[in-house]
Each structure stands twice: as structure tokens, then as C-alpha cells.
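Asks: Submitted below is the structure of interest, expressed as C-alpha cells.
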Amino acid sequence: MRYLPSTTSRAPNHPVPPQFARGLLPRATTVLAVIARPGQESADLGALLYAFRRSGARLAVLSLTRGEASPLNSTIERLESRRLWELRVAAGLLGVTALAVADYPDGGLARSPAHELTELVGREIRRHAADLVIIIDPVADDSDEAVVARAARAAAARAGVPTVARMALATSSGRVINLGPEAPVARAVQRSAAAAHSSQAEALPGVEHRLNLLGDHETLRWLAPAASSESSATG
């Protein structure tokens, strides 16, 4: 694990916030983003993280792998080292102040002990006194993202911290969130952060197309209110 500076106090309890029901970004003091691999903090969560930072929240990111299994590599460097550097650059652009990267196998998180992953996320929640955990809503139950979702949700529920998942598409189970008047800036920062992952340059046109379709909206799903003890990835 590699770290930037962090805090250590206990996270408070939070019910489902009323502003979330009104289509506004949930309020938070410290947001912990838990991702499967570098790049997701930018291409998937970038605009949301920037919006949280602009609202005054402190940002922390935990990546469970180094992203070494990507089939793309526009450089001559080894991905496990290159992508770590790219993540640091992207995190700086997004305003992330605490970054941790674990060394679990990219593409093989399902083979890692579930309790170990949950404990790791729990330590990061306590370390940063996070009062909101954000993840990427998994598309498939056997994906790395599903493993991340289960570990994050279980750890957050134990800590009494709510979890939200960023959804790729608006559905009846999600809430469309307006990024507000600074949405164009948020998207511009997100694009810059995604471009920092230069080893994945071949994927950037697809990211750009998706962000153009999203405009000034994102869709979030409230997975685990603080009182919940569930640990599954679906809500």
C-alpha cells in the first residue's frame, strides 16, 4: 500500500440525505472513492469527485489493483508502474488529497479473500474519517467492480457510513444528479484527468463520447444507509 497524508478520526452516522432525493449531490465532509483499478477515478467518477471537492469535501481514493491487466498500453513501460504514476497525476487534477493503491491482481479480485478486502476498505474509512463512500455500480456479478462493491458496502455498513454507486445509465433504481452550474468545468477537469492515463489513450475517444452524452448529469444509487448491515452489491 502507498499513501499520501491522511486523518484518523471516526466517521459519523448519516441517514439518506434529503438533498439526494431532490436530485442534488449528497453533502459530505470526506468522500472515499473505492475503485478496482487506476483510470476509474477519472473516466467514471471524475466529475463527481470534482463536484464534491468544489462543495468543500476532502477526497480520498483507494484502488485495489494497479491496473496491470489492461489490454491497452500506448507506452513502452510496464503497466503496474506506469498506471500508478498516471493515477497520481489524475488524482492531483481532481483535487484528491489522499491516495492508496493495493496490490491485488487486476481482473482477479474475485480470487482474493473477501474479508481481507472488506477489512482494507474499513481501515481506509477509519483512516480518513470518511462520511461517504462512492463506488462504481457493477454491471456483472463476477466483475472486479462487483467485488469492490461488496467489500465497500460491507465495510461502510460496519462503520455506519452510507455508500453511493455511480451508475453508467439512468434507471428507475438510480437518482439523476445535476452537477450544477459548474458542470462544464467539472467535465473539463474530468477529461483532463482521464487524459492523464496516457497508457490508455486508445480508450479516450470512447470516454469522450460517453461524457458528451452525459452532459451535466450523473446517476447515483443509494446502496447502504448507515443503519444497514447488508453486504451484497445490489440495492
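Asks: Quick one: would you say Ala102 is more than 18 Å from Val161 (Cβ to Cβ) and part of a helix (DSSP H, G or I)?
Replies: Details: more than 18 Å from Val161 (Cβ to Cβ): yes; part of a helix (DSSP H, G or I): no.
So Ala102 does not fit the description; no.
Asks: Here's a follow-up. Taking region 125-159 as the search range and keeping residues that are among the small types (Gly, Ala, Ser) and surrounded by fewer than 18 Cβ atoms within 10 Å (Cβ to Cβ), which one is nearest to the chain's Cα centre (by Cα)? So that I can check it myself, show each step before the final result.
Replies: From region 125-159, those among the small types (Gly, Ala, Ser) are 129-130, 140, 143, 146, 149, 151-152, 154-157, 159; that's our starting set.
Checking the rest, the ones that are also surrounded by fewer than 18 Cβ atoms within 10 Å (Cβ to Cβ) come to 140, 143.
Working: Ala140: 17, Ser143: 15 Å.
The selected residue is Ser143.
Asks: Looking at region 100-124, which of the residues that are open to solvent by less than 50 Å² (accessible area, probe 1.4 Å) and of a type in the set (A, V, I, L, M, F, W, C) is nearest to Leu84 (Cα to Cα)?
Replies: Val101
Asks: Still on this structure: Determine the pairs where a residue that is among the polar types (S, T, N, Q), located within region 82-104, has a partner that is at pLDDT 95 or above and crowded, with 18+ Cβ neighbours inside 10 Å with Cβ atoms under 8 Å apart, the partner being 6 or more residues away or on another chain.
Replies: Thr97/Arg58; Thr97/Leu59; Thr97/Ala60
Asks: Moving on. I'd like to verify a number: residues in region 44-61 that are without any contact (Cβ under 8 Å) to a residue 40 or more places away in the chain and in contact with a helix residue (DSSP H, G or I) (Cβ under 6 Å, 6 or more places away or on another chain), how many?
Replies: Total satisfying the criteria: 2.
Asks: Filter region 170-209 for residues that are within 17 Å of Val139 (Cβ to Cβ) and either in contact with a Ser or Thr (Cβ under 7 Å, 6 or more places away or on another chain) or at pLDDT 95 or above (or both) and give the result. Step through it out loud before you land on a result.
Replies: First pass over region 170-209, keeping only residues within 17 Å of Val139 (Cβ to Cβ): 170-174, 203, 206-207.
Answer for region 170-209, where residues must be within 17 Å of Val139 (Cβ to Cβ) and either in contact with a Ser or Thr (Cβ under 7 Å, 6 or more places away or on another chain) or at pLDDT 95 or above (or both): Ala170, Gly174, Ala203, Gly206, Val207.
Asks: Tell me, yes or no, whether region 165-178 has at least one residue that is surrounded by fewer than 18 Cβ atoms within 10 Å (Cβ to Cβ) and in a helix (DSSP H, G or I). Quick ask: steps written out before the conclusion?
Replies: Residues of region 165-178 that are surrounded by fewer than 18 Cβ atoms within 10 Å (Cβ to Cβ), as a first pass: 168-173, 176, 178.
With the extra rule that they be in a helix (DSSP H, G or I), the set shrinks to none.
No, region 165-178 has no match at all.
Asks: Next question. For Val148, are the conditions met, namely being touching a residue at least 60 places away in the same chain (Cβ under 8 Å), under 15 Å from Leu49 (Cα atoms) and not polar (S, T, N, Q)? Steps first, please.
Replies: Working: touching a residue at least 60 places away in the same chain (Cβ under 8 Å): yes; under 15 Å from Leu49 (Cα atoms): no; not polar (S, T, N, Q): yes.
Taking the combined requirement at face value, the residue does not satisfy it.
The values are calculated or read from the model by the stated rules, or taken from the named source; none is laboratory data. No experiment lies behind these values; they were computed from the predicted model shown. Cβ sites come from the backbone with ideal geometry, for glycine too, and all protein chains shown count toward neighbours. Side chains included, ligands, DNA and RNA excluded: accessible areas come from the protein's heavy atoms. Shrake-Rupley method; radii C 1.70, N 1.55, O 1.52, S 1.80 Å.
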